[in-house]
Amino acid sequence: MTPSAGGEGPSSGGVDPDVLVSSALGQLATITTSAALEELHTELLGKRSALARAHQGLVALDPGQRPEAGRRLNEARRLIESHLADKRAELEQGERAARLEADRLDLTEVVVPRGRGRLHVVQRTRDELEDVFVGMGFVVAEGPEAETDWYNFEALHMPPAHPARGMWDTLYLDLGEPETVMLRTHTSPVQVHLMETQGPPIYAVMPGKCYRRDTPDARHIPTFHQIEGLVVDRGISFADLAGTIETFTTAYFGPDIHSRLRPSYFPFTEPSAEYEVTCTICKGTGCRTCSQTGWIELGGCGMVDPAVFAAVGIDAEEWTGFAFGFGIDRCAQMRHEIPDMRVFFDNDVRVLRQI
Amino acid sequence: MRVPLSWLVDFAPFTGDPADLAAALDDLGLVVEEVQRVGEGLDDVVLARVLEIGAIAGADRIRRVTVEAGGEPVEVVCGAWNFHEGDMVPLAPVGSVLPGGFEISRRKMKGVVSNGMLCSGRELGLSEDHEGILVLPGAMAPGAPLTDALGITPDTVFDIAVEANRPDAWCVAGIARDLAGALHLPFSLPEPSTPDVEAATPVASLATVEVVDDDLCPRFTARVLLDVTVTSSPDWIARRLTLAGMRPINNVVDASNYVMLDLGQPTHPYDLDLVGGGGLRVRAAAPGEIVKTLDGVQRPLGERSVGIGDDRRDCVICDARDAPIGIGGVMGGDSSEISATTSRVLLEAAYFTPMVIARTSKRLNLRSEASARFERGCDPEGIDRAALRLCELLGATAGDRFRSAQGVLDVRGTVPGPSRVRVRTARVNAVLGSDLDDDQVAGYLEPIGFGCERERKGVVEVTVPTFRPDTEREIDVIEEVARHHGYARLPRRRLFAPQVGGLTPYQRDRRLARQVVAGFGAHEAWTPSLLAPDVHLRVGMEGGVRVTNPLTPDESVLRQSLLPGMLGALAFNADRRQGDVRLFEVGHVFPPPDPARVARALARQGDTVIAEREVLGVALAADGDDARSAASLWLVLADAFGIQDVEMTALDGLAEPGPGSGAAGLHPTRSARLVRADGGGDTARPIGVVGEVDPDVLDEFGLDAKRRRVGWLEIDLEALLDDAARRSSLVRTVSRFPSSDVDLAFVVDDTVPAAAVYRTLRQAGGELVESLTLFDVYRSETTSESARSLAYRLRFCAPDRTLTDDEVAQLRARCIAAVEHAHGAQLRG
C-alpha cells in the first residue's frame, strides 16, 4: 500500500505513518533471529513505540482530521504487523530446518538387534501340511511315542513274528515282557487309538515323531517325523484315496506337481500303493534327483485292511476307508533342497536361522 | 531279486524294449530298482595268454606281465597274483572302454609302461568277483574276442524289490507269470524231464525220514542221488547264477540254488555218507541245543522269545541218531556239507510252517535265501517239480553213472491246500471305485493262476493257487484285480469331508506358544529323544526308560527333560563361537516308568505305556541372559495365554517331583518351580521350572559358566494349556472415569519374594486396582545388605465415578499398612 496522497504533512506528533512503515521495513530486513524479532516487535508496536506515541498524539488533532489520521496510523500498524508475521514464519521455518538437520540420522548405523527366532523347518513343514489337510476338512490327531505291540503292530494286521514286522527295524523299550513295548516305528498307532476311541466317520491326519533302528544317511535318520491320514466313512473307495492324494499334492507342492499310485505292500492296507509325486526339481522331465524317472517316491497308502477294522471293532462291510502316510522331514528336504538330513542333528544356529 | 531277461523268456515270449518291461513290472508292484545292461562294452576285450611274469624293481605289489594276444607280445603292469604263466586271461587293450565308462590308457607305474589292463570279473561286469583276474579255460585262441570265447550275449538284468506279501514273486517263474498276465502273453512252466536217471534201488533202502513235529514241517521229502560226480556247473548255469547275484560253487550246490531262483523252492543237499545213521529226523529243538551251521558258527536254538505267542520251538534237522545237523528252512550244518568227494547225495525238499521259520530266523538273527522264502510261504505242491528239475540239471554234469534212487520219501502232515474265496463283483467296485463286470474280474485272475467259477451273476468263486498263500480273503483277491487292471486306470474322485476341519484349542495354543518364544529371539531346535545314560547323570537325573536294542550306547535312554539335549546343542554352538544364542524345543519327555501303568497299557486298559508329556524347553544363552531372562519370558508367555493361576515357588518348597517340574540340573538359588493352583485349591500342581542352569552342570557340558549364564524355562505344555476354559475370554468394559496413580517403594528383605508383596498390594487395593506393576528394583548402600527396594505403581479406578483425593489417600494408606504388616517392609521416603 502506498502512503495516501494529500499534500500536507502529518500533524500527529509530526510522524508520518508512511515513514514509520518504511523505517520498520528497513529494520526488519536486518533481523535474523527470533529473539531479535521479538525485540523489534516491541520496539515497533509496543507501548513506547513511535506508532503508539502517534496514536496518543491523535487527541491533539483537529476533530475533523482525526478519523483520517487514525485510519492511516491503523493502516501502518496492520502493515507492520503483517510484515512481522511474515518474518516470524520465515525465521521459524529456517529454525525448524536447522533443528531437523541437526536431528539427521543414518538409519544404516543401527546396531543389529536380537531378531525374532526361527521356527524349525521341520516343524514349520508340519504346520503347513496340517494346514493343507485342515483346509480339506481333516482334524489333527496325536498320540504317544512309546507304544505297545498291539498298537504298533498287532492291531495293524501284524501278528507276532509276522514277517512284515521286519519292514521296520524297531527300537524296543526295556518295559514289560521282551519286545512288547517299543518306540513307535510309524504314526499308524494313532489310527488305532482314534478308531478305538472315536469310531467312524473319521477324517484325520496324524503327525508325529517316529523311531527306527536305522543307521543315518543323507536321506534317512533314525528319529524322524511322519504324517499319516485316515478316512473312514460309508462308501469310501480307492478313487477317493487317489483323489485325496492328488488334491493334497497340488495344494502343497503347487499346480505343476501331480501324483501317481503304484502297487505296493503294507500289512494294514489292501490294496496298498506307493505314492509318488512329480519330481519337484525337474518338474517331471527327468534329472539326477529322480533317477531320470520324473517321479519321486513320497509315501505309502491304501485301503484300510478289513483285519484292522476287525481289530478295532468296526464293521468292514458297512464302513470302508483309506490311509496314507509320508515323511515330514522328507517333504522339508525336498522343498528346501537340504542335501543331508544329518544336518538336523547339530542344531547349528547358522542352519537354524537360515530356513 | 536280480532277474536276467534271458531267464524270464524261459517262461513266456517277452520281447521289446527292456525299459517297457521294467515299466510294466513297476505297474504290477514288482518295483524295478535298477535295469542293468550286461555283456555290453566288452567288444574290445580279447583273450591273452600269459607268457612271462616278472618283478618290478622297488615294487612289491605289482608285477610286469607279458602276454600274447594274437600279435606282438604286450607288456602290462598288474596288481593281481592269482594267475600263472600259461594262463588265459582277459586283456583290455589301450583305447578300450570297459563297462561303466572306464577308458584304458597307457600308464607308467614304477617306470614300467603298461599297455592295457588285465581284468577281473567285476571290472568286466560279468560277476561280483574282484579277488583277482578272471582266469579262463585254456583251450581258446589268444586274440579272440572275449564275448565269442565265453558265448556272452548282451542281456538285461532287472533288480526287482519283491514285497513281503509276494512269496510267488521270489523266483523267475513267478515274476514271469505276473508279467505275462499283464502283457497278455502265454505263460508256461516247463515240465522237468528226467529220462533214465532213476535207478532200481528203492530210496527207502538207502535212507530214512522221520518227522516228529509235523506242525513245524508239514511236508518233508527226500530223494537219494547216487554216483554223483561233484564238479563245476555248465557255463550257462554259472552265468545265470552270477547274473542273479550268486556265486557258483559246484554242480550240486549250484543246481540247488538254481532251482530256488527258478521256481522259488529251496532245497538242501546232504552228503549222505556223512549223515549219521543214513537218515533224517525232523523235530523241535530242545532249548539250548546247538547246531554248527555252514558258515561255521555255533548256534544255540530255542534260547529266547522273539515276541508274544512265541513257543521258542525251532525246527531242527537231525541225523538218524538224533544229532542236530541243520536248522530247518534256515541253514544246513557243516557236518554233512557237499564236498569234492561226495558221491551219494540226500536231497531235502520240504515245506516249513512260515511263522516257525520267521521266528527262528529272527531269534538267531540269521537270514538266508531259504529262510526268506520259507517265512513268506513256499508252495507245498511245488516241491516235486523243484526236486525233479534239480535232478534234470544235475544230469548234465554229474557223470554218466549218475542215478536217482527209485521213489521219494514223502512225509505229509496237514499241508495248506488251495483256498476258495467268494468274490462279489459289487464289492470289488465298492472298494476300487471301479465299474468292472464278472468277466473282467475273472479275466484278470485266470492268467495268473487263479481258478474262477461263476455260478451266479455278480459272484466269482475263486480258487487260489497254492503258490499264493498271501491271498486268503476277498480283499486280497480284489488287490490282484486292481493290480492287473492297473492302478493308473482306476478313477480318481475329489473327496469332500462332511465335517469342518480344524486344530484343537491345544494345538492352536501350542503354535502360539512357539511363535511367542520365537518372538523372544529363540530358534526352534530339534534335539535327540534318545540320550547316552551318563548324559542324564550329568544333569543329576537318574533312571529313565532304556532301549533294549539301541543302535549305539549314545542313544539308549529316553530323555526325561529337554535340558540335557539342549545343553548339548548350546555346547555345539559355543564350540563354533556361537555362544550368544537362544534355543527352544517342544517335544515329548519320558518320566521313569511305572510298572502298574505298563501292565495296564499292555492289557489294553486305556493308558499309554509311559506318562510321556509334551513340554516346552527354552535355553537362554544370549549375551546378558540369566535367570531373569527366563522369568521375563515366563511373564510374556503367561500374558500371551492370560494365565493368572500359576505362581513361582522356591525349589525347596515342593517335594513332589513330576514330569516337567524336575529341578535337576538347575541353579538352586536362582530357580523356581511354576506351580498351578488347581480349581479346588487343595493341591498345587507343579507344571514347570524357571531359572538358571547350575554352573557345575554347564561345566559338565563344556560350557564356560564364568563366561555365560544360561537361563532355563521348561513347562509341561499340556498342563499349562489343557484347560482353555479357565482362561477368561470375556471382554471387560473399561471405566469411563479418570484413574489415579500411586507409586509406592518399599524396602523389603531379600527373603520376601517380590511376588508376595505384589499379592499383598493387589489384595489390599481390592477391586479398585486397575493395574499393578513392579517398575523398579533398587539396591543401595542406604538399604541394608539383605534388603532391596521394590517400587510398585498402582493405578486405581472406579467403574462408576471419579475417585476423590480422599479415597485415593485411604487406599494408599491401606496398601502401605498391608505391606508393612505382612512383610515387615518399610515405605521409602
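The values are calculated or read from the model by the stated rules, or taken from the named source; none is laboratory data. Computed from a predicted structure; not experimentally measured. For neighbour counting, all protein chains shown are included, and Cβ atoms are generated from backbone atoms with ideal geometry for every residue, glycine included. All accessible areas refer to the heavy atoms of the entire protein, side chains included, with ligands and DNA or RNA removed. Shrake-Rupley method; radii C 1.70, N 1.55, O 1.52, S 1.80 Å.
Pick from segment B:311-359 the residues that are among the small types (Gly, Ala, Ser), open to solvent by 20 Å² or more (accessible area, probe 1.4 Å) and in contact with a Ser or Thr (Cβ under 9 Å, 6 or more places away or on another chain): which of them is nearest to B:Phe402 (Cα to Cα)?
If we filter segment B:311-359 for residues that are among the small types (Gly, Ala, Ser), which is where we start, we get B:320, B:323, B:326, B:328-329, B:332-333, B:335-336, B:339-340, B:343, B:349-350, B:358.
Then keep just the ones that are open to solvent by 20 Å² or more (accessible area, probe 1.4 Å); that gives B:320, B:323, B:335, B:339-340, B:343.
So of that shortlist, the ones also in contact with a Ser or Thr (Cβ under 9 Å, 6 or more places away or on another chain) come out as B:320, B:323, B:340, B:343.
Values: B:Ala320: 25, B:Ala323: 29, B:Ala340: 15, B:Ser343: 9 Å.
Result: B:Ser343.
Whether any residue in segment B:770-787 is surrounded by 16 or more Cβ atoms within 10 Å (Cβ to Cβ), farther than 27 Å from B:Thr669 by Cα and touching a residue at least 12 places away in the same chain (Cβ under 8 Å) is what I want to check. Checking segment B:770-787: at least one residue is surrounded by 16 or more Cβ atoms within 10 Å (Cβ to Cβ), farther than 27 Å from B:Thr669 by Cα and touching a residue at least 12 places away in the same chain (Cβ under 8 Å). Only residues that are out of contact with any helix residue (DSSP H, G or I) (no Cβ under 9 Å at 6 or more places or on another chain) and within 14 Å of chain A (Cβ to nearest Cβ) were counted in segment B:365-391, giving 1. Of the numbered criteria (1) within 14 Å of chain A (Cβ to nearest Cβ); (2) modelled with pLDDT of 90 or more, the one B:Thr15 fails is (1). Within segment A:127-139, the set of residues being touching a Phe, Trp or Tyr at 6+ places or on another chain (Cβ under 8 Å), open to solvent by 10 Å² or more (accessible area, probe 1.4 Å) and not acidic (Asp, Glu) comprises A:Val132, A:Met136, A:Val139.
In the list B:Ser339, B:Ser419, B:Ser404, which residue meets the criterion of being modelled with pLDDT under 95 and in contact with a helix residue (DSSP H, G or I) (Cβ under 7 Å, 6 or more places away or on another chain)? Write out each step before concluding.
On the way: B:Ser339 fails: in contact with a helix residue (DSSP H, G or I) (Cβ under 7 Å, 6 or more places away or on another chain); B:Ser419 fails: in contact with a helix residue (DSSP H, G or I) (Cβ under 7 Å, 6 or more places away or on another chain).
From the options B:Ser339, B:Ser419, B:Ser404, the qualifying one is B:Ser404.
The set of residues from segment A:267-285 being in contact with a Gly (Cβ under 9 Å, 6 or more places away or on another chain) and at the interface with chain B (Cβ under 9 Å from one of its Cβ atoms) comprises A:Glu270, A:Pro271, A:Ser272, A:Ala273, A:Glu274.
Here B:Asp159 meets the list (1) more than 31 Å from the chain's Cα centre (by Cα); (2) surrounded by fewer than 18 Cβ atoms within 10 Å (Cβ to Cβ) almost entirely, failing just condition (1). Among the residues in segment A:296-314, are any within 8 Å of chain B (Cβ to nearest Cβ), surrounded by fewer than 18 Cβ atoms within 10 Å (Cβ to Cβ) and assigned to a loop (DSSP other than H, G, I, E, B)? No. Pairs linking a residue in segment B:617-629 that is farther than 21 Å from A:Gly115 by Cβ to a residue that is acidic (Asp, Glu) and open to solvent by less than 20 Å² (accessible area, probe 1.4 Å), with Cβ atoms under 9 Å and 6 or more positions apart or on different chains, are B:Ala627/B:Glu692.
Name the residue that is nearest to B:Thr548 (Cα to Cα), counting only residues in segment B:295-304 that are of a type outside the set (Val, Ile, Thr) and surrounded by fewer than 18 Cβ atoms within 10 Å (Cβ to Cβ). Write out each step before concluding.
First, pick out the residues of segment B:295-304 that are of a type outside the set (Val, Ile, Thr): B:295-296, B:298-304.
Those left that are additionally surrounded by fewer than 18 Cβ atoms within 10 Å (Cβ to Cβ): B:295-296, B:298, B:300, B:303-304.
Working: B:Asp295: 27, B:Gly296: 28, B:Gln298: 24, B:Pro300: 21, B:Glu303: 17, B:Arg304: 14 Å.
Here the residue is B:Arg304.
Considered as a group, the residues in segment B:599-640 that are in contact with a Lys or Arg (Cβ under 6 Å, 6 or more places away or on another chain) and part of a loop (DSSP other than H, G, I, E, B) include one that is most open to solvent (accessible area, probe 1.4 Å), and that residue is B:Asp607.
With respect to B:Ser114, determine if the residue is among the polar types (S, T, N, Q), out of contact with any Pro (no Cβ under 6 Å at 6 or more places or on another chain), within 30 Å of B:Asn82 (Cβ to Cβ) and buried (at least 17 other Cβ atoms within 10 Å of the Cβ). Talk me through it step by step, then tell me what you get.
Values: among the polar types (S, T, N, Q): yes; out of contact with any Pro (no Cβ under 6 Å at 6 or more places or on another chain): yes; within 30 Å of B:Asn82 (Cβ to Cβ): yes; buried (at least 17 other Cβ atoms within 10 Å of the Cβ): yes.
Considered against the rule, which asks whether it is among the polar types (S, T, N, Q), out of contact with any Pro (no Cβ under 6 Å at 6 or more places or on another chain), within 30 Å of B:Asn82 (Cβ to Cβ) and buried (at least 17 other Cβ atoms within 10 Å of the Cβ), B:Ser114 comes out as yes.
Being under 24 Å from B:Arg240 (Cα atoms), surrounded by fewer than 18 Cβ atoms within 10 Å (Cβ to Cβ) and in contact (Cβ under 8 Å) with a residue 40 or more places away in the chain is a property that B:Gly151 has. For segment B:558-581, the condition of being open to solvent by less than 10 Å² (accessible area, probe 1.4 Å), at the interface with another protein chain (Cβ under 7 Å from one of its Cβ atoms) and not in a helix (DSSP H, G or I) holds for at least one residue.
Step by step: first the residues of segment B:360-381, then only those that are in a loop (DSSP other than H, G, I, E, B) and buried (at least 24 other Cβ atoms within 10 Å of the Cβ), then the one that is modelled with the lowest pLDDT. Which residue is that? Step through it out loud before you land on a result.
Taking segment B:360-381 first, the residues in a loop (DSSP other than H, G, I, E, B) are B:365-368, B:377-381.
Filter once more, keeping what is buried (at least 24 other Cβ atoms within 10 Å of the Cβ): B:377-378.
Details: B:Gly377: 92, B:Cys378: 95.
So, considering only residues that are in a loop (DSSP other than H, G, I, E, B) and buried (at least 24 other Cβ atoms within 10 Å of the Cβ), the one modelled with the lowest pLDDT is B:Gly377.
Of all residues in segment B:246-274, those that are farther than 17 Å from B:Tyr351 by Cβ, in a loop (DSSP other than H, G, I, E, B) and either in contact with a helix residue (DSSP H, G or I) (Cβ under 9 Å, 6 or more places away or on another chain) or modelled with pLDDT of 95 or more (or both) total 4.
A count restricted to segment A:28-64 and to residues that are in contact (Cβ under 8 Å) with a residue 24 or more places away in the chain, within 60 Å of the chain's Cα centre (by Cα), part of a loop (DSSP other than H, G, I, E, B) and surrounded by fewer than 18 Cβ atoms within 10 Å (Cβ to Cβ) stands at 2. Being at pLDDT 90 or above, open to solvent by 10 Å² or more (accessible area, probe 1.4 Å) and not basic (Lys, Arg) is the filter; apply it to segment A:262-281 and report the residue that is farthest from B:Glu163 (Cα to Cα). Per the stated criteria, the residue is A:Thr278. Taking residues in segment B:494-523 that are more than 7 Å from every other protein chain (Cβ to nearest Cβ), and partners anywhere that are in a loop (DSSP other than H, G, I, E, B) and open to solvent by 70 Å² or more (accessible area, probe 1.4 Å), the pairs with Cβ atoms closer than 8 Å and at least 6 places apart or on different chains are B:Tyr506/B:Asp722. Among the conditions (1) open to solvent by 10 Å² or more (accessible area, probe 1.4 Å); (2) more than 7 Å from every other protein chain (Cβ to nearest Cβ); (3) in a loop (DSSP other than H, G, I, E, B), B:Arg468 misses just one, which is (1).
So how many residues does segment B:163-208 have that are of a type in the set (Val, Ile, Thr), at pLDDT 90 or above, open to solvent by less than 30 Å² (accessible area, probe 1.4 Å) and over 20 Å from B:Thr15 (Cα atoms)?
Going through segment B:163-208, the residues of a type in the set (Val, Ile, Thr) turn out to be B:172, B:175, B:194, B:197, B:201, B:203, B:208.
Pick out the ones that are also at pLDDT 90 or above and you get B:172, B:175, B:203, B:208.
Then keep just the ones that are open to solvent by less than 30 Å² (accessible area, probe 1.4 Å); that gives B:172, B:175, B:203.
If we keep only those that are over 20 Å from B:Thr15 (Cα atoms) too, we end up with B:203.
Adding up the residues that qualify gives 1.
Within segment A:160-210, the set of residues being surrounded by fewer than 21 Cβ atoms within 10 Å (Cβ to Cβ), over 14 Å from B:Leu530 (Cα atoms) and among the acidic types (Asp, Glu) comprises A:Asp169, A:Glu177, A:Glu196. The criterion of being of a type outside the set (Val, Ile, Thr), closer than 30 Å to A:Asp233 by Cβ and assigned to a helix (DSSP H, G or I) does not hold for B:Asp554. Of the helices (runs of 4 or more DSSP H) that lie entirely inside segment A:117-202, those containing 3 or more residues that are modelled with pLDDT of 95 or more and facing another protein chain (nearest Cβ under 9 Å) span A:121-135.
Going by the structure shown, is B:Asp476 within 30 Å of B:Leu179 (Cβ to Cβ), open to solvent by less than 50 Å² (accessible area, probe 1.4 Å) and among the acidic types (Asp, Glu)? Don't jump to the end; show me each part of the working.
Details: within 30 Å of B:Leu179 (Cβ to Cβ): yes; open to solvent by less than 50 Å² (accessible area, probe 1.4 Å): yes; among the acidic types (Asp, Glu): yes.
Here the answer is yes, as B:Asp476 does meet what is asked.
Restricting segment A:211-247 to residues that are more than 20 Å from A:Ala146 (Cα to Cα), modelled with pLDDT under 95 and at the interface with another protein chain (Cβ under 10 Å from one of its Cβ atoms) leaves a set whose member that is surrounded by the most Cβ atoms within 10 Å (Cβ to Cβ) is A:Pro216.
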